[in-house]
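As structure tokens, the structure follows; a few thoughts come after it.
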Amino acid sequence: DMKNTVINSQIQAFLSDPDMIASLANISSVIYNGYTDLNWAGFYFVKGGQLIVGPFQGKPACSPIPFTKGVCGRCYREKAVQRIDDVLAVKDHIACDSASRSELCVPVIVNGEMIMEIDLDSPIPSRFDDDFENEMLKAADDIASAFLQHQWHMD
Ligand code: SME
């Protein structure tokens, strides 16, 4: 739809920024402010054998997160999208903000290697649908392309 198109083009525009942190900081803001009912939107970097919080919008986040823990840890282990309709039903869920009720965690993979995750939290149960997931998969793909194009690196 129109809203997705606008958000996607804003993400594209910020991905032309050669500075990775500046680019991802603005993208976290585009996502957080562009969609309704989010209480956290941002990135976790795969760094030094764990997940380290990157640019984000929302309340202060848990960091570091070991690969063995939480929804974000499972996203890393499985290298697959984690879409959680009810975080209270997930034993392993790490609550950074007690308001969170659903979560979407999407891997960013460059040359077969997972370099970061996009993580989104919502105070509404089942906030994330197929359409939202597909938009974030596209964003992850675009971030991976920019990473190569700008020769970004994680350390
Ligand atoms: N809920 C995540 C932790 C990250 S915060 O949501 C920002 C998890 O269970 O891994």
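The values are calculated or read from the model by the stated rules, or taken from the named source; none is laboratory data. The model shown is predicted, which means the values in this text are computed figures rather than measured ones. Counting neighbours? That spans all protein chains shown, and the Cβs are built from the backbone with ideal geometry, glycine included. Remember, those area values only see protein heavy atoms, side chains included, never the ligands or the DNA or RNA. Shrake-Rupley method; radii C 1.70, N 1.55, O 1.52, S 1.80 Å.
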Rolling a 1.4 Å sphere over the protein heavy atoms, what is the accessible area per residue of region 43-107, to the nearest Å²? 47 Å²
Relative to the compact globular guide of 2.2 N^0.38 Å, what is the alpha carbon radius of gyration of region 24-79, as a ratio? 1.16
With +1 assigned to the C-beta of every Lys and Arg and -1 to the C-beta of every Asp and Glu, and no other charges, what is the dipole magnitude of region 94-153 about the Cα centre in debye, to the nearest 20? 120 debye
Euclidean distance of C-alpha centroids, region 64-123 and region 9-61, integer Å: 14 Å
What FRET efficiency would be calculated for the residue pair residue 124, residue 63, taking the C-beta separation as r and a Förster radius of 25 Å, to the nearest 0.05? 0.55
When the Kirkwood radius is taken over all Cα pairs of the chain, what Stokes-Einstein diffusion coefficient follows at 10 °C and 1.306 mPa s, in µm²/s? 104 µm²/s
The size of the Cβ-based charge dipole (Lys, Arg +1; Asp, Glu -1) of region 38-106 about the Cα centre, to the nearest 20 debye, is 200 debye
Give the total of Lys-Lys pairs in region 22-148 with Cα-Cα distances below 17 Å; include a pair only if its members are 8 or more places apart or on different chains. 5
As a test question: what accessible area, to the nearest 10 Å², does residue 135 have when a 1.4 Å probe is rolled over all protein chains in place? 40 Å²
By accessible area with a 1.4 Å probe, ligands and nucleic acids excluded, highest first: order of 30, 6: 6, 30
So what are the ³J(HN,Hα) numbers for region 14-29, from phi and the Karplus equation (6.51, -1.76, 1.60; θ = phi - 60°), rounded to whole Hz, Gly and Pro as x? 6, 6, 7, 5, x, 8, 4, 5, 4, 4, 6, 4, 5, 5, 4, 6
Counting only backbone N atoms under 13 Å from a point 7 Å out along Cα-to-Cβ of residue 114, the residues of region 24-62 in range are 44-47, 49-52
Relative contact order, percent, the chain [alpha-carbon distance under 8 Å, six or more residues apart]: 22 percent
When the chain is fully extended, how far beyond the present Cα-Cα distance does residue 91 get from residue 6, taking 0.36 nm per residue of separation? 27.0 nm
Derived scalar couplings ³J(HN,Hα) [region 45-61; Karplus, 6.51 cos²θ - 1.76 cosθ + 1.60; whole Hz; x for Gly, Pro]: 8, 7, 8, x, x, 8, 9, 10, 4, x, x, 7, 10, x, 6, x, 10
Going residue by residue through region 68-79, the Karplus relation 6.51 cos²θ - 1.76 cosθ + 1.60 with θ = phi - 60° gives ³J(HN,Hα) values, rounded to whole Hz and with x marking Gly or Pro, of 7, 10, x, 5, 5, x, 5, 4, 5, 5, 8, 6
What value, in deg cm²/dmol to 500, does the helix sum -39500 (n - 2.57) over DSSP H runs of n ≥ 4 give at 222 nm once divided by the residues of the chain? -12000 deg cm²/dmol
Which value in nm describes the separation of the simple spin-label points at residue 78 and residue 150, placed 7 Å from the Cα toward the beta carbon? 3.0 nm
Per-residue SASA entry for residue 138, accessible area with 1.4 Å probe, Å² rounded to 10: 90 Å²
